[in-house]
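For reference, the structure discussed in these notes is given below.
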There are 2 protein chains.
Amino acid sequence: MLFTVVSRSLAALCNHGFEKKAEYSSHEFERPTYRKHMLYATIGVGVSVATLFGIKNKVQAKSVAKDASQPQKLIGGEFRKDLPVYRATDVAKRDSKENRIWVSYKRGVYDVTDFVAKHPGGEKILMAAGGATEPFWGLYAVHFAPRVMELMEQYRIGNLHEDDVIETPSEEDGPYGQEPVRNKILVARSSKPCNAETPPELLIQDFITPNDVFYVRNHLPVPQVDPLYYELEVTGIGIKDKSFTLDELKKFPKHKLVMTIMCAGNRRSEMNKVREVKGLEWALGAVGTAEWAGVRLQDLLESLGFDPKTNKAAHIQFEGLDLDPASSPYGASVPIRTALISDVILAYEMNGEPIPRDHGYPIRACVPGVVGARNVKWLGKIVLSHEESQSHWQQRDYKGFSPTVDFEHADWKSSPAIQDLPVTSAICNLKEGDVVQPVNGKVTVKGYAWSGGGRKIARVDITCDKGKTWHVARHDPGDKSGQNVGWAWTLWTAEIPVSQSGTVEIWAKAVDDSYNTQPETFENIWNIRGVLSNAYHKVKVHVQ
Amino acid sequence: MLFTVVSRSLAALCNHGFEKKAEYSSHEFERPTYRKHMLYATIGVGVSVATLFGIKNKVQAKSVAKDASQPQKLIGGEFRKDLPVYRATDVAKRDSKENRIWVSYKRGVYDVTDFVAKHPGGEKILMAAGGATEPFWGLYAVHFAPRVMELMEQYRIGNLHEDDVIETPSEEDGPYGQEPVRNKILVARSSKPCNAETPPELLIQDFITPNDVFYVRNHLPVPQVDPLYYELEVTGIGIKDKSFTLDELKKFPKHKLVMTIMCAGNRRSEMNKVREVKGLEWALGAVGTAEWAGVRLQDLLESLGFDPKTNKAAHIQFEGLDLDPASSPYGASVPIRTALISDVILAYEMNGEPIPRDHGYPIRACVPGVVGARNVKWLGKIVLSHEESQSHWQQRDYKGFSPTVDFEHADWKSSPAIQDLPVTSAICNLKEGDVVQPVNGKVTVKGYAWSGGGRKIARVDITCDKGKTWHVARHDPGDKSGQNVGWAWTLWTAEIPVSQSGTVEIWAKAVDDSYNTQPETFENIWNIRGVLSNAYHKVKVHVQ
């Protein structure tokens, strides 16, 4: 109870952070007195980390096997004799586009006004306006990279006074000090927040992906939620407001849902080879399938008087309990038409176990057919609204653009928020450069295929002669279980005759039951964020 | 009343024709005594044409302007001295695969057993087994073509006795003698049945396509239905059976729906250029948008006790009042999930007028987002069922296949029936070879884009340098009317800068809000029936 009350108060005070930025920045105590607790409660309502995150988990987070974004030895933010010295109070005055936007990092002071439009994270950069970047970079550790430091130096205008340089919290006490333990087999794409994918060979081992190897896509530190104090607030147009405890949610009929979740950035690394994009370097493992179980959203809403025939809400907004440095929760929404599909559940189980912390403990929204980003984890609030979620992730991220549009010219309002994902497929048993020994003149190719919106996979076609001959793959067991209506992927196998030895390029393309198919190449679907990267999967192998 | 009773009895007797073929063929009176009325009632229940088709329309059908399938002077079916003579009774014995399948045409007798698997119309050919092809070809006039005659001659085994050659009905008394008057501006692709498309420049003239230039796609002769005697039979799982008169249907609340309908074969002619396909040579005008009005299917079903939460039906089958030579109605079905979208209507108006005869008078099923073939015209019956429609058009037509699959190897059960169509677009103001004069260095490009399943068009991208630079088209007024949720097309305009004179290839590609996009070329989506022909639309023009 306390937890929910506190987090809701924070959210209410911040009102999603960005609009109220001026107000937030005007708190004098926030900048020079910044200390580690402020990472969690920068608006100074006196909430301790322990209270906010519930009971502390004693198990320390282990870092996953390969970690592409571990802080490297950085050169950056050093004192430069050729530049003037500023105090933190000087920097604090430069917190809006009108007055210029300054930030500091270690001893460096930077004028980033002209960089705002180019920032891959969009206007989130404004949270740091007039102050130090360290606390934010503590949350988005991707910044601790030599290329970021080089870029920053282009905007360098001065030195910060040595008395004003902020103290960096130790790893254990920092926002990522309480992450869950993770399976080392996951392939890390960033550690803070944790983003890690399933190796291809594990994806096709079974129709259901085990919890501990299921890909992790976090935007912020994993909140620690005490189930005893957990509450889900439900509010908005045409329903009675109510907060549900976990026990109350579990009293509704339990509904199972076999559902695939995929990140909008899955297979981004392939698009990145055509031309550089901004985002995590996902290979093809930011996808997985689980049996989720929980309360039907429909049942929950009907218990509050919801009537689908008269209700005027156009969107259902979900808010997570994971908070950014301004205490704004992660947020997303789905159109009401999607939300009312009877299979949408608020899940408390994943493959028969309580949902693991990395996947949304204690409650995750499961909206089948819809991109991972809208399947909000650590669900704290549901709002029926006329509007989409106004969160950064709904409005200025997870959208597609024309290949010619760059960050500076992207009109975010012009593109729809990604909901249903387009059809895709991937070869999982062979990787670029593999040496393959045919059996009876045939090479076995295995992989997955999936499409959003409940569209079943109609067919997977494989070619190893650039489309002259196509072979139809057979569907592996699992997808015909009748447990889903196209919400889950299709695993497939094809035996392809190869007549010659040497280099062979194998292509996979899926067709869904709306007969949409994958585009042939990445060039014509390229987009700044590297999302929706669903061109044919092509793997070159050497046949012996 | 009489009309419905009669047509239902016929349907019941025939039970979709194919399964009961043996029984049907055993009627002795049907073959040698075949005369023109038998085109309508081949099973001899003594129903006259006038009764079956209600009051005769006195207006004679005018043929549309260009007619690609008008009977040409044919060479075929002549007496051949080198072959034996058979009586009709000999031919009649050869009516199954076990006994061989013989048919006659004029003086020719043919053994088509080995052709059945290759027949583009599938097992419909079996309707003629053991008898004359003329009555069936009278319905499917596409057969009256020199290439068909040449093909037939390969299967020639004998001559029919001259006394047994059947009389061909005159045009006026034939099955197509009572077709509606049509606008000559429509471009005909076949005349019997009538298939004619809208010229491209008319498609983009207005968001709404006028009734008289709306494309016509008929599978059989247009039935003449007397509104006084019309009844719609509704039956099946979990509902009370009932037949509704037109007046009874009109007593339900009237619901309007702005909806685009597209033929699965639209743009087939482009795919046909890559490799020959079977089907009508549609250019890009087998599509149109109208405001339909009628009864909500949901309201109708609820009046019969339908409960969406408990009903076990998986499909809703629609049957037309247009009958094939075996008196089987045209039929199709949609999944129950699609049928229960609240916008599905049984329309009696098209653009504010009673639906014209060519478009389904008096009632047409309007299932938004779904291929034209399932929007059954002249609706006579609705059945809630566990099964899909077993009609030829649902089971052995309107399906997609892998590019390598030919007619002989097509496993029709393996492919899903086309429902939602994939995203497509077309350039309508410019055609191949046009000479274009840029204005202020820009060429104006206009067209349409549409996607099935209610997926709105997110973006239309145009390039005239093969994808090096893409230009985002603006959406023309109309699609933001709020009158539809993605059920209707988007008309668009782009002004493309061209720096050089000479030949320029313009490409259009659309992206829908599931971010599916068009495939780049036809090669990799080629299929035997030439359906789902949605690759980039490419037009070469000469810039001055």
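The values are calculated or read from the model by the stated rules, or taken from the named source; none is laboratory data. Note that the structure is a prediction, hence the values are computed from the model and not measured. Cβ atoms come from the backbone with ideal geometry, glycine included; neighbour counts cover every protein chain shown. The protein model used for the area step is the full one, side chains on, heavy atoms only, and it has no ligands, DNA or RNA in it. Shrake-Rupley method; radii C 1.70, N 1.55, O 1.52, S 1.80 Å.
Interface residues of the stretch B:498-544, defined as those losing at least 50 Å² of solvent-accessible heavy-atom surface relative to the isolated chain (probe radius 1.4 Å), are listed as B:514, B:515, B:516, B:517, B:520, B:524. Solvent exposure of the stretch B:230-323 amounts to 37 Å² per residue of accessible area, where only protein heavy atoms count and the probe is 1.4 Å. Here the stretch A:273-326 has 47 percent of its accessible surface on carbon and sulfur atoms, given a 1.4 Å probe and all protein chains in place. Taking all protein chains as they are arranged and a probe of 1.4 Å, the heavy atoms of residue B:475 leave approximately 50 Å² accessible to solvent. Taking the Cβ of residue A:216 as the center, what net charge do the other residues with Cβ under 12 Å away carry, scoring Lys and Arg +1 and Asp and Glu -1? Spelling it out: positives minus negatives among the neighbours equals +1. Placing one equal scatterer on every Cα of the stretch B:75-200 and applying the Debye formula, the log10 ratio I(q)/I(0) at q = 0.13, 0.18, 0.22 Å⁻¹ is -0.58, -0.98, -1.32. Spatially, the stretch A:176-235 and the stretch A:380-416 are offset by 24 Å when compared through their Cα centroids. The Rg/Rh ratio of the stretch A:249-407, with Rg taken over Cα atoms and Rh as the Kirkwood radius over Cα pairs, comes to 0.99. For the stretch B:371-516, the Kirkwood hydrodynamic radius comes to 18.2 Å, computed from all pairs of different C-alpha atoms. Computing FRET efficiency as 1/(1 + (r/R0)^6) for residue A:256 and residue B:501, where r is the C-beta to C-beta distance and R0 is 60 Å, gives about 0.40.
Calculated on the alpha-carbon coordinates, the convex hull of the stretch B:224-342 measures out at 162 cubic angstrom per residue. Per-residue SASA remark: residue A:391, around 10 Å² accessible (1.4 Å probe; ligands, DNA and RNA not included). When the accessible area of each residue in the stretch B:435-475 is compared between its chain alone and the complete protein assembly (1.4 Å probe; ligands, DNA and RNA ignored), which residues differ by at least 40 Å², being lower in the assembly? SASA drop of 40 Å² or more in the stretch B:435-475: B:455, B:459, B:470.
Taken along the Cα-to-beta-carbon direction at a fixed 7 Å, the label points for residue A:119 and residue A:83 span 1.7 nm.
Using only the Cα atoms of the stretch B:319-432, build the gyration tensor, take square roots of its eigenvalues as a ≥ b ≥ c, and label the shape rounded, prolate or oblate: rounded if a/c is under 1.5, else prolate if a/b is larger than b/c, else oblate. Here the stretch B:319-432 falls in the oblate category. Spacing of the modelled spin labels on residue A:406 and residue B:465, each 7 Å from Cα toward Cβ, amounts to 1.4 nm. Summed over both chains, the area buried between B and A is near 3200 Å², taken from the accessible surface of protein heavy atoms with a 1.4 Å probe. If one puts a single equal scatterer on every Cα of the stretch B:446-544 and applies the Debye formula without solvent, what log₁₀ I(q)/I(0) results at q = 0.16, 0.18, 0.22 Å⁻¹? Evaluating at q = 0.16, 0.18, 0.22 Å⁻¹ gives log10 I(q)/I(0) of -0.74, -0.90, -1.17.
Averaged over its residues, the stretch A:503-544 has an accessible area of 23 Å² per residue, based on protein heavy atoms and a 1.4 Å probe. Between residue A:171 and residue B:153, what is the FRET efficiency for a Förster distance of 60 Å, r being their Cβ-Cβ separation, to the nearest 0.05? With R0 = 60 Å, the Cβ-Cβ based efficiency is 0.10. Annotation for residue B:151, label-to-label distances across the other copies: 6.1 nm (shortest first, one decimal, point 7 Å from Cα along Cα→Cβ).
Does the stretch B:160-248 classify as rounded, prolate or oblate by the C-alpha gyration tensor (a ≥ b ≥ c root eigenvalues; a/c under 1.5 gives rounded; else a/b over b/c gives prolate, otherwise oblate)? The shape class here is oblate.
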